[in-house]
Amino acid sequence: MSKLIPLACAAMLASGAAGAQTAPSENPQTPVLGKDGKPVQQVTITGGRQTEMEERRTSTAAKQIYGREELDRNGDSNIGDVLKRLPGVTIGGRPGRGGDVRMRGLGSGYTQVLLNGERPPAGFSMESLSPDQVERIEVMRGPVAEHSTRAIAGTINVVLREGYVQRDKQLKLSDSIEQGRHSPNVSLTVPGKSGKLSYSLSGSIMQNRQHDRGETHNVDTLDDGTVVKEQEVSDRSSGITKGLHLTPRFTYKFENGDTLNLQPFLMANRSDSGSDSTLVQPVGQMAPEYNFADQQSHSSMSFLRGFGNWLHRMDGNAKLDVKFGGGIGRRNSESLRNQYDSAGTLLERFTDTDSTRDRGVNTGGKYTRPLGQGHLLAAGWELEASRREQTKVELDKEGKAQFADSGDNLTADTRRAAVFAQDEWDITPQFGVYLGARWEGIRTSSKRSAGEIENTSKVFSPLLHGVWRIPGHEKDQVRASLTKSYKSPNVQDLIALPALSRLNSATRPDRTGNPDLKPELATGLDFAYEHYIGRSGILSAGGFVRDIDNLIRRELTLRNTELGPRWVSTPGNIGHARTAGIELEAKFKLTEFMTDAPDMDIRSNYSRFRSKVDGIPGPDNRLDQQAKQTANLGLDYRLKAAPLTLGGSYNWTPAIRVQSSLTQTVEVGRKRALDWYALWKFDGRTQLRLSANNVLAEDAIGSNLVYANGLAARADTLNPTFTVWSLRLETKF
């Protein structure tokens, strides 16, 4: 289907151009005569939307685009599984359970993730977004002026479903099975047109069932080797989540050529879960906090976000694109936890509730004007205001608050303003340059019982991108970029209410915020050599360097609190760091190299990274959770004797060991994810897909070692992962 989309668009545009001619001739060889009897010059117009690879090739600033073909390839149930196969992209956490999205191995906010070009609302997770609601994914390794430069590692822009590429209604029915638990999903897209109004109504409903278990081994050891405490913790949990996603899109074209686009986005999820924990302590002078605990939890989340833009065309092919939007979000959670001793006597009961409300509005615009062939000037602005209201209560069985601000309302206001300008110019057919600059200011203020908190950051980012198309080699080009980018502290790191750990220790600390954080500032250099193959193939080799100041890291301290001595993790600016790496990518059809080869697509990429944090002893003084390397390999084979396509992908990340501070070392085991699928096309309108994700189902292992005050505290974790089988029927009508 995705291969027919460009052809359908080209046919539609060509037919529209033909219909616009004043006097079309039935015989193309017969000239059309004007009033003076002389032949009228005829112009044949052909057009069509560029393919993803053509857009990548012609863009001056490096940009990779992945459309519906990539999104539909493996029949994934969430965007996170799609992202993990893209070059240089990894997903934190264990396979099948998602985590933060990382480019170049950098997590913790270094990667900017956008939704329709805007930062998504607080609490939004790509794991909760279905690929059926997405039109394409744009990956930019270097920042550009029209998007925020809060992108030290890069930017991933997820563009929601658009209406102009579809003619038929599309229905997708799927069911995923994990450990015998079914998770059905129904997705429907209905395009239409009424006069000058065109629309696409997309939505999906889902239900997800999961069961998890894990083991943790805690050991505290003195310098002389004496074990003072040893614990074995076994955790189990089961839950069910129900969700509704709606992403309609409306486009209205005015008589003067102006266009108005509106795209609401609704996401609503409800979850119920139960868990239990068993704690065995063979060594320890003090009795454990509990021997058995059970917990029941309920949470709900709903986001309503509106995207809109008005496109006004002006003289000289100039245009003004004004964007506007707003949204509200609501998250509620409540849990009841009971803790018992070995005799079954209730020791403690904890009641936790959290109610968070987010709302915000934003506007912006971009004015573009061509200054000649291959020369485009653009400038714009962005304004955003958001507010968070949070009430968090943690009580014990006596009704006593667990921290000083428990039950108090926390309010946080964020104001952001930005202006930018960019000049994209093909100086010669072989050489193009992009000059850009962006100024962005963010102010966050909060009120709570402890007093008012305010944090302000202002960053100016000059940007330079260039591409050289090698003369005599039309398929080869070289790219280079020199940019400034940054990472701003998020609201949680600035003003977060305490998050208490039920088994507080050096390896399980409480977490809190720091209102004095400064943004991290980075100077970046990117370069790449690209060789294009056919319509959709590429061989690419590149590298990057990032020099980072004001690095933010969490620091571990032992504090006296109202609950007694407790370990607390707090973010702080610790100094300077540098990271660099190489990135290789190969994507092609085997038939482009061998005439009689099988009809097979090959996709592969390999990245290798290194980093160093000043002030922390090596050799593992790397940036937080950055792997040394990562690789992906994907194959798609279309059989000639049957309407069957077989494919799969393999993702590999080796074990990670990071000296995160003077006292703490964190290890994460290797991650290998093997996925495969089989696609049977009954006809041009109906197909059936069988897929398996995380076929190897390897255990996720890790360890956390803290050495302080003559005591070494180590926690080793083991969490099983599971294979997910999915069956999906896709039909158009």
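Residues that are at pLDDT below 95 and within 25 Å of the chain's Cα centre (by Cα) do not occur anywhere in the range 559-566.
Inspect the range 248-258 for any residue being polar (S, T, N, Q) and within 30 Å of R387 (Cβ to Cβ) and give the result as yes or no. Checked against the condition, which is being polar (S, T, N, Q) and within 30 Å of R387 (Cβ to Cβ), the range 248-258 yields no hits at all. Of the residues that make up the range 573-583, is at least one among the aliphatic types (A, V, I, L, M), part of a loop (DSSP other than H, G, I, E, B) and farther than 30 Å from F722 by Cα? Taking every residue of the range 573-583 in turn, none turns out to be among the aliphatic types (A, V, I, L, M), part of a loop (DSSP other than H, G, I, E, B) and farther than 30 Å from F722 by Cα. Scanning the range 527-552 for residues that are more than 27 Å from L463 (Cα to Cα) and part of a strand (DSSP E or B) yields I533, G537.
For the range 631-690, taking the residues that are of a type in the set (D, E) and in contact with a Gly (Cβ under 9 Å, 6 or more places away or on another chain), the one that is surrounded by the fewest Cβ atoms within 10 Å (Cβ to Cβ) is identified as E667.
If you go through the range 64-80 and keep only what is hydroxyl-bearing (S, T, Y) and over 16 Å from N693 (Cα atoms), you end up with just Y66. Scanning the range 289-303 for residues that are touching a Gly at 6+ places or on another chain (Cβ under 6 Å) and either of a type in the set (S, T, N, Q) or surrounded by fewer than 18 Cβ atoms within 10 Å (Cβ to Cβ) (or both) returns a single hit, Q296. Scanning the range 548-560 turns up at least one residue that is in contact (Cβ under 8 Å) with a residue 40 or more places away in the chain and more than 30 Å from R502 (Cα to Cα). The lone criterion from (1) under 30 Å from E230 (Cα atoms); (2) touching a residue at least 60 places away in the same chain (Cβ under 8 Å); (3) of a type in the set (D, E, K, R) left unmet by R689 is number (1).
Just one residue in the set L160, L171, L188, L197 is over 30 Å from G274 (Cβ atoms), at pLDDT below 90 and in the same structural domain as D294 (by TED's automatic domain parsing); that residue is L160. Of the residues screened, L435 is one that is at pLDDT 95 or above and in a strand (DSSP E or B).
Residues that are polar (S, T, N, Q) and outside any strand (DSSP E or B) were ranked within the range 163-216; the one that is surrounded by the fewest Cβ atoms within 10 Å (Cβ to Cβ) is Q179.
Residues in the range 246-285 that are charged (D, E, K, R) and in a strand (DSSP E or B): R249, K253, R270, D272, D276. Search the range 330-362 for residues being outside any strand (DSSP E or B) and out of contact with any Phe, Trp or Tyr (no Cβ under 9 Å at 6 or more places or on another chain), and hand back the single one that is surrounded by the fewest Cβ atoms within 10 Å (Cβ to Cβ). This residue is A343. Cβ-Cβ under 9 Å, sequence separation 6+ or interchain: first residue in the range 65-82 and farther than 21 Å from R209 by Cα and assigned to a helix (DSSP H, G or I), partner among the hydroxyl-bearing types (S, T, Y) and at pLDDT 80 or above. Which pairs? Sorted first by the residue in the range 65-82, then by its partner, the pairs are E69/S536. Taking the criterion of being in contact with a strand residue (DSSP E or B) (Cβ under 7 Å, 6 or more places away or on another chain) and under 18 Å from K323 (Cβ atoms), the residues of the range 254-266 that qualify are D258, T259, L260, N261, L262, Q263, P264, F265. For R610, state whether it is basic (K, R) and surrounded by fewer than 19 Cβ atoms within 10 Å (Cβ to Cβ). Judged against the criteria, R610 is a match. Flag not set for M53, criterion: under 24 Å from A631 (Cβ atoms), hydrophobic (A, V, I, L, M, F, W, C) and at pLDDT below 80.
A quick yes/no check of all residues on (1) over 31 Å from the mean Cα position of the chain (by Cα); (2) among the basic types (K, R); (3) surrounded by 14 or more Cβ atoms within 10 Å (Cβ to Cβ):
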| site | (1), (2), (3) |
| --- | --- |
| V219 | yes, no, yes |
| F250 | no, no, yes |
| D276 | yes, no, yes |
| N317 | yes, no, no |
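For K475, the stated conditions do not hold, so it cannot be described as in contact (Cβ under 8 Å) with a residue 12 or more places away in the chain, crowded, with 18+ Cβ neighbours inside 10 Å and in the same structural domain as V433 (by TED's automatic domain parsing). Evaluated against (1) out of contact with any strand residue (DSSP E or B) (no Cβ under 9 Å at 6 or more places or on another chain); (2) at pLDDT 75 or above, I79 falls short on exactly one condition, (1). For the range 123-157, the candidate set comprises residues that are of a type in the set (A, V, I, L, M, F, W, C) and within 19 Å of A268 (Cα to Cα); within that set, the residue that is modelled with the highest pLDDT is V134.
The values are calculated or read from the model by the stated rules, or taken from the named source; none is laboratory data. Note that this is a predicted model, so its numbers are computed, not measured. A quick note on method: Cβ atoms are made from the backbone with ideal geometry, for glycine too, and the neighbour counts reach across all protein chains shown.
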